[in-house]
1. So for segment 228-251 (the condition being within 16 Å of the ligand (Cβ to nearest atom), crowded, with 24+ Cβ neighbours inside 10 Å and within 30 Å of residue 336 (Cβ to Cβ)), does at least one residue qualify?
2. Is it the case that residue 146 is assigned to a strand (DSSP E or B) and within 26 Å of the chain's Cα centre (by Cα)?
3. Could you identify the single residue in 464, 396, 439, 381 that is at pLDDT 90 or above and surrounded by fewer than 16 Cβ atoms within 10 Å (Cβ to Cβ)?
4. Please go through segment 53-90 and give me each residue that is more than 9 Å from the ligand (Cβ to nearest atom), assigned to a loop (DSSP other than H, G, I, E, B) and touching a strand residue (DSSP E or B) at 6+ places or on another chain (Cβ under 8 Å), ordered by number.
5. Looking only at segment 102-117, count how many residues are in contact (Cβ under 8 Å) with a residue 60 or more places away in the chain, under 22 Å from the mean Cα position of the chain (by Cα) and closer than 16 Å to residue 161 by Cβ.
6. Condition first: more than 13 Å from the ligand (Cβ to nearest atom) and either farther than 21 Å from residue 95 by Cα or part of a strand (DSSP E or B) (or both). Now tell me which residues in segment 280-316 satisfy that.
7. Could you list all residues from segment 355-380 that are within 16 Å of the ligand (Cβ to nearest atom) and closer than 20 Å to residue 49 by Cβ?
Ligand SMILES: Cc1cc2nc3c(=O)[nH]c(=O)nc-3n(C[C@H](O)[C@H](O)[C@H](O)COP(=O)(O)OP(=O)(O)OC[C@H]3O[C@@H](n4cnc5c(N)ncnc54)[C@H](O)[C@@H]3O)c2cc1C
């Protein structure tokens, strides 16, 4: 049902933040301009409010608007601000949860449904590119996964068998475009790559052409149900809608997913080579965490994109992660310069499958999609389809297997316990690990630390001019103590992955409130 009645609410774009969620920018973010708000006038109510303008949100918005629903997309910042702007944009027919792992946790049928979802997600992107003739550097490439040790060979054989069983094309490969000495490898034909933000902008344009509305710098704070409608409080004007999709990568606030998904950071470099030995393929090793690698041409300049060195958010040194990644790429390639470096966040679900559907413990009509691991291009796209189907009233064959309310599974249980024990550890231990010796005076310019001053713990950042920006170190989400991320100049929470800028403003959920400012004078 369309609601075209308009009122006089005027949108404001108050925040001049760049299109990025940290200090570093991906080539995609550097290469597109920030989208403006698309409407100066809002409707009084909408069929669907989509919270979050990444690949999940904009794809869902386009599908629903096409199906005749009047939609509004709101983002705390701008489209592409989140991980869709920090992705490495490989489009695959396989995923981090291998089909063999999927079968052992969810049975043959579960593995087949997972393969269908990944492949359908892939095709949603491909079909949009073809249908709308999107100029987003979309290219088809072969994917190679290789083993360097005997253990990895065994895992690779499992990958091969599991992938064959679900009908996804795979073969053993003799020649792999990598200088690394390998023991065994597989090739997966017809993978793809693209410029994720050119794609996002193009599908957003199609959404707007159909009457869809996008509002920037509009953070959703609270949803209340009243008379069959959701009344949504934002930092801007309130929004009213019949259904809400949290396409926020991680739904905000305290919720079940804090226990079921763990936040990870992954690091990426875009480097120029002195020779022309750029691989014309998507290449993955099997180290733990693994490295991923591909070539992309931006403004006529080839870049080798290399990612990896993942770790749990707020747990390890981001500077070291970048250093190690650079060492890794320099070991195998003749690097002339590092053109881009960036990091971004993803969420690993406890049982390896994403959570897509009605949000547990929220009223009927509030949906979410999360836990994509490093496969959100495909899983974000298929989430959009599943959630659109649920809202339109169509059946979806994926509804049950990806249900956020599923109780599963035996296999994931140890991980589940581990992740939560980890959050509990940080909740307690980080409070005692701050000492007077980490004093404010010792804080160097352009660095941050959690220090204790006169018995009070503060998250302090000293800027280049020497000014201290002091905040409460207590994360507003679940009250853990944040850690300083020197690379992204952000305060990152080791428990559930919330991130804040130097002024305490939320840059990544699930927190929705800023860190309290402290007057150190
Ligand atoms: C380094 C890296 C490389 C990756 N490489 C690949 C790859 O090669 N292939 C692949 O398939 N996947 C990859 N992934 C994963 C993939 O990029 C993500 O899963 C995907 O981009 C998630 O998209 P999304 O739209 O769900 O979330 P996001 O892109 O994070 O968008 C969420 C949006 O919600 C907004 N938001 C949050 N809270 C609120 C709120 N309260 N109110 C309003 N707005 C809000 C944010 O500002 C943000 O713009 C990678 C991930 C990382 C970290």
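1. No, the conditions are met nowhere in segment 228-251.
2. For residue 146, the condition - assigned to a strand (DSSP E or B) and within 26 Å of the chain's Cα centre (by Cα) - is met.
3. The match here is 464.
4. Correct list: 69, 70.
5. 2
6. If the condition is that a residue be more than 13 Å from the ligand (Cβ to nearest atom) and either farther than 21 Å from residue 95 by Cα or part of a strand (DSSP E or B) (or both), then 295, 297, 298, 299, 300, 301, 302, 303, 304, 314, 315, 316 are the ones that fit.
7. Within segment 355-380, 355, 356, 357, 359, 362, 366, 367, 368, 369, 370, 380 qualify.
Listed here are the residues, each with its yes/no results for (1) more than 20 Å from the chain's Cα centre (by Cα); (2) part of a loop (DSSP other than H, G, I, E, B).
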residue	(1), (2)
444	yes, yes
466	yes, yes
488	no, yes
495	no, yes
504	yes, yes
507	no, no
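The values are calculated or read from the model by the stated rules, or taken from the named source; none is laboratory data. In this text, all values refer to a predicted model and were calculated from it rather than measured experimentally. Cβ: placed from backbone, ideal geometry, glycine included. Neighbour counts: every protein chain shown.
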